[in-house]
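J.: Quick one: the structure is below, questions incoming.
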Amino acid sequence: AQSVTQLGSHVSVSEGALVLLRCNYSSSVPPYLFWYVQYPNQGLQLLLKYTTGATLVKGINGFEAEFKKSETSFHLTKPSAHMSDAAEYFCAVEGAGNMLTFGGGTRLMVKP
Amino acid sequence: GAVVSQHPSWVICKSGTSVKIECRSLDFQATTMFWYRQFPKQSLMLMATSNEGSKATYEQGVEKDKFLINHASLTLSTLTVTSAHPEDSSFYICSAIDAFGMSYEQYFGPGTRLTVT
């Protein structure tokens, strides 16, 4: 069975500061990992995903994440936060039948 | 490409009535669609997996007689909330997998907000 833990339900950063959203996973098989962003009253938009190969994955809007097997982590980062980055972020791991298990979500707030 | 739509985007209904939500893949064929429910300030919880031409597979704790899922074509899945009650008020999101795509990425719809009064 898969599980995902996102540390910190709320993260607040200043505009221009580094964004770090934490995700740890549990999986009995080599994981496929995803980060999604959700704006209010909208569906999910894929930021990036890791399947195989390079462990540092670059996504849209300047985000990237690094798969660290030894730490069972897939933290999301962005060097410089923008006001438009304020949203809810979900980490997810894919299991059998392409089913996704989501973490609890992290609300990112960006202060001017 | 890979657009998923949902209709309606929001709906208000009275307790005891039924509501149908549509999920459509607009530019691809989807043999598999998923239905999620998201309560305020919470994560997405998978309700069921919808496979074209067969019965849906429901997650533990989800009442299949209350949440009727039909996946009659490769581009349409419907979720019907029967005899809705206020506790069914939630944000319902569907996703679809491109049957002929190179990956098995799930494409998400914009969601439907259901309010039961």
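The values are calculated or read from the model by the stated rules, or taken from the named source; none is laboratory data. This one's a predicted model, so the numbers in the text were calculated from it and none came from an experiment. FYI the Cβ positions are ideal-geometry reconstructions off the backbone, even for glycines, and counts take in every protein chain you see. Keep in mind that these areas ignore ligands, DNA and RNA; they rest on the heavy atoms of the full protein, side chains included. Shrake-Rupley method; radii C 1.70, N 1.55, O 1.52, S 1.80 Å.
J.: Can you pull out the residues in region B:77-117 that are closer than 14 Å to B:Phe34 by Cβ, aliphatic (A, V, I, L, M) and away from chain A (no Cβ under 14 Å)?
T.: B:Leu79, the sole residue that qualifies.
J.: Shifting gears a bit: Would you confirm whether any residue within region A:34-44 is touching a residue at least 60 places away in the same chain (Cβ under 8 Å), over 13 Å from the mean Cα position of the chain (by Cα) and open to solvent by less than 50 Å² (accessible area, probe 1.4 Å)?
T.: No: zero hits.
J.: Tally time: how many residues in region A:28-45 are in contact with a strand residue (DSSP E or B) (Cβ under 6 Å, 6 or more places away or on another chain) and facing another protein chain (nearest Cβ under 9 Å)?
T.: Within region A:28-45, residues that are in contact with a strand residue (DSSP E or B) (Cβ under 6 Å, 6 or more places away or on another chain) and facing another protein chain (nearest Cβ under 9 Å) number 7.
J.: Give me the residue from region A:93-103 that is facing chain B (nearest Cβ under 7 Å) and either touching a Lys or Arg at 6+ places or on another chain (Cβ under 9 Å) or open to solvent by 50 Å² or more (accessible area, probe 1.4 Å) (or both) and, out of that set, farthest from A:Asn24 (Cα to Cα).
T.: My answer is A:Gly97.
J.: Would you say B:Gly61 is open to solvent by less than 40 Å² (accessible area, probe 1.4 Å), more than 11 Å from chain A (Cβ to nearest Cβ) and in a loop (DSSP other than H, G, I, E, B)?
T.: When the stated conditions are applied, B:Gly61 does not pass them.
J.: Residue by residue through region B:16-39, note down the ones that are open to solvent by 50 Å² or more (accessible area, probe 1.4 Å) and within 11 Å of another protein chain (Cβ to nearest Cβ).
T.: B:Thr31
J.: Taking region B:1-10 only, how many residues are over 14 Å from the mean Cα position of the chain (by Cα) and open to solvent by less than 80 Å² (accessible area, probe 1.4 Å)?
T.: Number of matching residues: 2.
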